[in-house]
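A short write-up of the structure that comes next.
The values are calculated or read from the model by the stated rules, or taken from the named source; none is laboratory data. What you see is a predicted model, and the numbers here were worked out from it, not measured in a lab. Here the Cβ positions follow ideal geometry from the backbone for every residue, glycine too, while neighbour counts run over all protein chains shown. Just the protein is used for accessible areas: all its heavy atoms, side chains included, with ligands, DNA and RNA removed. Shrake-Rupley method; radii C 1.70, N 1.55, O 1.52, S 1.80 Å.
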Amino acid sequence: MAMARAFRLRNSLSSSPLLHDTAIRSLLLNVGCNSWLYCQLSSTISFHSSAKFDLTDLTQPHLWYPNARKKKRNVFLHMGPTNSGKTYHALKRLEASSSGLYCGPLRLLAWEVARRLNKAKVPCNLITGQERDEIDGAKHTSLTVEMADVSGEYQCAVIDEIQMLGCKTRGYAFTRALLGICSDELHVCGDPASVPLIQRILEVTDDVVQVQYYERLSPLVPLNVPLESFANVKKGDCIVTFSRQDIYKLKKKIEAGGKHLCSVVYGSLPPETRTKQATLFNDERSEMDVLVASDAIGMGLNLNISRIIFSTMKKFDGESTRNLTVPEIKQIAGRAGRYGSKFPVGEVMCLNGSDLPLLHSSLNAASPVLERAGLFPTFDLLSLYSRMHSTKDFHPVLEKFLAKAKLSSDYFISDCEEMLKIAVVVDELPLALYDKYLFCLSPVDMNDDISAQGLIQFAESFSRKGLVQLQEIFTPGTLQVPKTQNQLKELESIHKVLDLYVWLSFRMEESFPDREVAASQKSMCSLLIEEFLERSGGYRPFRKGQPTPQWLQKKYQKREMQKYFPEINVESD
């Protein structure tokens, strides 16, 4: 655990959710609710002197967003497969608007749209959970969907990959954006399988809904023969598998043939590193002409792929190993043959012949129609519920509330297993309910020991002093290029802890004052991981004359160490 040394990490409610009017008045004064809940509760009191309000009634979530309900929105559904131009048309409308939002599922997509609009001379801010890049005079903002603004008013807004309404963990954020964004025009892009659900959800909002279907712009050809041998890999190929271990095994096998060098892309790589690896694969000057990747390529990266090759059609989803679903196969396969790229015709195939029937049947099948959208209670509701039961313990409040929640047939409660794991930890600490809520919302993987311990130590320090200084658990100057797969995994985990610190610093700025240091060290982690990827292949990623990541890493490390930690003696070259 050499890399981990950089971090010094230590390893009864009432059954009734109904409120009478006197209790409502008292709680409104004590909690200071947002306008939607205040209006709902106040109107209940006004019209019924003995009114009761069921806090666990979530059957009308469209009423949570009074700003959006004041406007008769024009909603345009841009629906089609990957590489059909649907998002392009929505973004052109956003670019022409006087003000607007782009809501994407990934930081990489938010970055790309912000870059595109700024390049088109449309000033655009970038806001994600971990970044704030504000441009003077900007009236457009590109952000991750969880950051969507439902309080302001815009001429135009775009929600990308709307089929993620059905995601068991993040679906609630897409539902919130769909129901809550207040804009004259709302452009929604995604899989046609989401259309009936969206139409049902918006029936009660008084919006005007129009649907535009798109066809794929470039051919996607499923091949009838398997690859069989990695000796048959060609320039522009992307081999898909579903674990870090398998990705590096396949990379080693392909490079052992002496014909190709491989970029890698998978979910736990830092976003900056994923972007760099994709750039190297796309760059004609680079020697990295084959990509080995997980389903992380399914969205968010523009890739010049000739053939998608499934090394397997099974993946472990956290609970069991299962066959890929029709939407998963289509999303991944569709990355081949991007319109306007050097490979305009895409091909898709399997490593093994036994997987071809599933591939062909899935590409010919329609994606299953989405039946329900994710939903999650607001903090206002949870806060009132906790006060009604006189407790500040977040775990029982959340657990009991969700057990009693009432939903319409169009919604499901998003999976909050990770939140409940964190709640068990923070309930042991003397924290306010809202602080517990923030920690529970934070982007932490509780199945990753280093990441989980980082959160625990941040929460403990915050509860004791109200101040979390990064140097209390992080030793600057100790990060190194990993030499083994285990060390690589540890460095990726350290990046997650630094990412978590930055996320918390944007929500509790005074208590987490070392954002710049954490961001700097995040960049360092990315550079060190890139150096590992370079060394593991025994090659230079660029041809002679191009600067190497090692050179950049040394220069960057010296500058950053001296900037933030002047007490450290950094030797000169």
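Looking at segment 98-150, which trypsin sites (Lys or Arg not before Pro) are in a loop (DSSP not H, G, I, E or B) and have at most 14 other Cβ atoms within 10 Å?
In loop regions of segment 98-150 (DSSP not H, G, I, E or B), the sparsely surrounded trypsin sites (Lys or Arg not before Pro) are Lys121.
The candidates Trp64, Trp111, arranged from most to least accessible area with a 1.4 Å probe in the full protein assembly, appear as Trp111, Trp64.
When the residues Arg307, Arg535 are ordered by accessible surface, computed with a 1.4 Å probe over the protein chains alone, the sequence from largest down reads Arg535, Arg307.
In Å², what does the accessible area per residue of segment 434-525 work out to with a 1.4 Å probe? Mind dumping the intermediate values first?
Values: 3400 Å² over 92 residues.
Normalised by residue count, the accessible surface of segment 434-525 is 37 Å².
With all protein chains present and a 1.4 Å probe, how do Cys182, Cys167 order by accessible area, largest first?
Details: Cys182 5, Cys167 35 Å².
Accessible-area ranking of Cys182, Cys167, largest first: Cys167, Cys182.
In this structure, the pairs whose alpha-carbon distance is over 28 Å, taken from Lys251/Lys342; Lys71/Lys139; Lys392/Lys522; Lys315/Lys342; Lys72/Lys436; Lys168/Lys406, are Lys392/Lys522; Lys315/Lys342; Lys72/Lys436. Surface composition of segment 236-390: carbon plus sulfur atoms contribute 50% of the solvent-accessible area (1.4 Å probe, protein chains only, all chains present).
Using DSSP to call loops (not H, G, I, E or B), can you name the chymotrypsin sites (Phe, Trp or Tyr not before Pro) in segment 419-517 whose Cβ has at most 16 other Cβ atoms within 10 angstrom?
Values: sites: Tyr434, Tyr437, Phe439, Phe458, Phe462, Phe474, Tyr501, Trp503, Phe506; in loops: Phe506.
Answer by residue number: Phe506.
For segment 205-259, the square roots of the Cα gyration tensor eigenvalues, ordered a ≥ b ≥ c, give a/c of at least 1.5 with a/b greater than b/c, which places it in the prolate category.
Taking every protein chain into account, the accessible area of segment 257-324 amounts to 34 square angstrom per residue (probe 1.4 Å).
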